[in-house]
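Have a look at the structure below before the remarks.
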């Protein structure tokens, strides 16, 4: 009886494996673009939330809304750069962003090399962007969390310069503050470049994106 039951289960699993492939029931291969920030209206348009704003720009180009609640995040699915892409805005607060990223990676079986993270960087002049294939957290708590949760720092990332904090300012006050009107115009141009760079990265053109966008600009 046990042998017969095992044989039946094996045949059933094999059947659904074959049928699942034929009818698209397998989980699709995905890539993930993560924008880091903090949830809540009080953080909208702050320096620390430029990662969220970059995701919004990409979402508009994909014609999707990042409103589905899953993986402790707001997310959307669509095509970008010829790839099936998940857009992710973790709602865990910055310091726990890795929890959201880890859940999405596990669900879609996405390798760390197929996760692109977009975030703010106070070491870069306002509006400058830097693309890297991998690297340390550099003091950024959101990146620290992702590294801690995934056990790897080998993920590509796009840093958006928000400028160095003025002398005498507290770092938290600076990154949680809003940019001025003139600076916002300059930063919006950078967000469009980030969207273009992310598309190139989805297409596998990381080196080309680095060569095109890793250039110093002056405000």
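Those residues that are farther than 19 Å from residue 175 by Cα and in contact (Cβ under 8 Å) with a residue 24 or more places away in the chain, I need them from region 51-68; list them, please.
Pass one, region 51-68, residues farther than 19 Å from residue 175 by Cα: 56-68.
Of everything in region 51-68, those that are farther than 19 Å from residue 175 by Cα and in contact (Cβ under 8 Å) with a residue 24 or more places away in the chain turn out to be 57, 58, 59, 61, 62.
Among the residues of region 163-189, those that are part of a helix (DSSP H, G or I), within 21 Å of the chain's Cα centre (by Cα), under 30 Å from residue 72 (Cβ atoms) and in contact (Cβ under 8 Å) with a residue 24 or more places away in the chain comprise 175, 187.
Residues that are part of a strand (DSSP E or B) and either modelled with pLDDT of 95 or more or on the phi > 0 side of the Ramachandran plot (or both) do not occur anywhere in region 92-112.
Could you check region 57-91 and list, in sequence order, the residues that are assigned to a helix (DSSP H, G or I) and surrounded by 17 or more Cβ atoms within 10 Å (Cβ to Cβ)? So that I can check it myself, show each step before the final result.
Going residue by residue through region 57-91, those that are assigned to a helix (DSSP H, G or I) are 57-62.
Correct list: 57, 58, 59, 62.
The requirement of being free of Cβ contacts under 8 Å to residues at least 60 places away in the same chain and more than 29 Å from residue 181 (Cβ to Cβ) is fulfilled nowhere in region 115-131; no residue meets it. List every residue pair whose Cβ atoms sit under 6 Å apart, with the two residues 6 or more apart in sequence or on different chains, where the first one lies in region 18-43 and is more than 25 Å from residue 175 (Cα to Cα) and the second, anywhere, is at pLDDT below 65 and in a loop (DSSP other than H, G, I, E, B). The qualifying pairs are 20/26. Of all residues in region 200-216, those that are crowded, with 16+ Cβ neighbours inside 10 Å and either more than 21 Å from residue 113 (Cα to Cα) or out of contact with any helix residue (DSSP H, G or I) (no Cβ under 8 Å at 6 or more places or on another chain) (or both) total 2.
Give the residue that is surrounded by the fewest Cβ atoms within 10 Å (Cβ to Cβ), with candidates limited to residues of region 108-125 that are closer than 10 Å to residue 158 by Cβ and in contact with a helix residue (DSSP H, G or I) (Cβ under 7 Å, 6 or more places away or on another chain).
Pass one, region 108-125, residues closer than 10 Å to residue 158 by Cβ: 116-119, 121.
Subsequent filtering for residues that are in contact with a helix residue (DSSP H, G or I) (Cβ under 7 Å, 6 or more places away or on another chain) retains 116-119.
Numbers: 116: 21, 117: 23, 118: 27, 119: 27.
Among those that are closer than 10 Å to residue 158 by Cβ and in contact with a helix residue (DSSP H, G or I) (Cβ under 7 Å, 6 or more places away or on another chain), it is 116.
Under the condition of being part of a loop (DSSP other than H, G, I, E, B) and without any contact (Cβ under 8 Å) to a residue 60 or more places away in the chain, which residue from region 141-162 is nearest to residue 190 (Cα to Cα)? The extreme case among them is 156.
Among the residues of region 16-29, is any surrounded by 16 or more Cβ atoms within 10 Å (Cβ to Cβ) and either under 19 Å from residue 147 (Cβ atoms) or modelled with pLDDT under 95 (or both)?
As a first pass, look at region 16-29 and keep what is surrounded by 16 or more Cβ atoms within 10 Å (Cβ to Cβ): none.
No: zero hits.
Taking the conditions (1) surrounded by 15 or more Cβ atoms within 10 Å (Cβ to Cβ); (2) closer than 28 Å to residue 179 by Cβ in turn, residue 102 satisfies each one other than (2). Within region 127-138, track down each residue that is surrounded by 21 or more Cβ atoms within 10 Å (Cβ to Cβ) and in a loop (DSSP other than H, G, I, E, B). Within region 127-138, 127, 128 meet the criteria.
The values are calculated or read from the model by the stated rules, or taken from the named source; none is laboratory data. Note that the coordinates shown come from a computational prediction; the quantities given were computed from them, not determined experimentally. Here Cβ is always computed from backbone atoms with ideal geometry, including for glycine, and neighbour counts include all displayed protein chains.
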